[in-house]
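To start, the structure under review is shown below, and the notes come after it.
The values are calculated or read from the model by the stated rules, or taken from the named source; none is laboratory data. Bear in mind the structure is a predicted one, so any value in this text is a computation, not a measurement. Every residue, glycine among them, receives a Cβ derived from its backbone with ideal geometry; neighbour counts consider all protein chains shown. Side chains are part of the model used for accessible areas, which takes the heavy atoms of the whole protein and leaves out ligands, DNA and RNA. Shrake-Rupley method; radii C 1.70, N 1.55, O 1.52, S 1.80 Å.
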Amino acid sequence: NEKEALQLLEKAVGHADSNIFAHIQLSHIYSRLERVEEAIQLLHNALEKSRDNQQLLLKLGEYQLEQDRLKEADYSFEKALRSSPTRATTAFRIAQLYYARNLRRKAIEYYEQAVDYEPHAPLLLNNLAWTYAEEGIELDRALQLSLQALKADADNVVYLDTYAELLYKKG
C-alpha cells in the first residue's frame with residue numbers, strides 16, 4: 001500500500017541515521033503523487049549529509065528537468081558526473097534523461113561524454129549516431145559512429161536500422 005509506504009518512509013527519513021535509499025524511495029513516491037517540489041527539497045536535504053552522492057544528484061537533476069529548471073538540472077548532473085566512479089554509465093543515463101524530454105542537443109553533449117569514456121561501447125555509439133540522425137546534424141560523424149557499432153555487433157537490428165537511416169539521410 002503506497003499510503004503505508006509513504007508514512008514509513010517519511011518516518012525513516014526523519015531519523016538522523018536515515019540512509020540514501022529511503023530518501024530516493026520517498027522522492028519516487030512524492031513524484032508519483034505529483035509532489036515534485038517536496039521530492040526536490042527532500043533530495044536537497046539528503047545532499048546536506050552526503051554532498052556528492054551520485055544517486056541523489058542524478059535523481060535531483062531528473063526532477064529539476066521535469067520542472068524545466070534546466071540550469072539547476074545541468075548543475076546537478078555535472079556534479080553527479082564528477083563524483084561518479086562509472087562516468088560513461090552516468091553520462092549515458094543523463095543523456096537518456098535529456099533525450100526523453102526531447103532535449104536532443106543536450107542529450108548529444110552527454111552521449112559524446114559517454115563515448116569519450118567508453119569509445120568502443122556499441123550502444124553508446126549507436127545512440128549518439130541515432131540522435132545526430134534525428135537532429136539532422138553531423139551526419140558524417142554519425143555514419144562513422146553507426147558503422148563502429150555495427151562492426152561490434154553486426155546482427156543487431158537496431159544498429160542496422162540506425163545505419164540505414166543515416167544512409168537514407170545522406171542520400
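Before moving on, here are some points about what is shown:
- In the range 66-78, residue surrounded by the fewest Cβ atoms within 10 Å (Cβ to Cβ) [restricted to those that are touching a helix residue (DSSP H, G or I) at 6+ places or on another chain (Cβ under 7 Å) and modelled with pLDDT of 95 or more]: GLU72
- Flag for LEU97 being open to solvent by 10 Å² or more (accessible area, probe 1.4 Å), aliphatic (A, V, I, L, M) and in contact (Cβ under 8 Å) with a residue 24 or more places away in the chain: yes
- Considering residues of the range 47-65 that are open to solvent by less than 70 Å² (accessible area, probe 1.4 Å) and polar (S, T, N, Q) only, the residue nearest to GLU112 (Cα to Cα): GLN54
- Set LEU81, LEU103, LEU167: member being among the aliphatic types (A, V, I, L, M) and buried (at least 21 other Cβ atoms within 10 Å of the Cβ): LEU81
- Any hit, the range 7-17, residues being under 30 Å from TRP130 (Cα atoms) and open to solvent by less than 70 Å² (accessible area, probe 1.4 Å): no
- Residues located in the range 14-54, provided they are modelled with pLDDT under 75 and of a type in the set (A, V, I, L, M): ALA16
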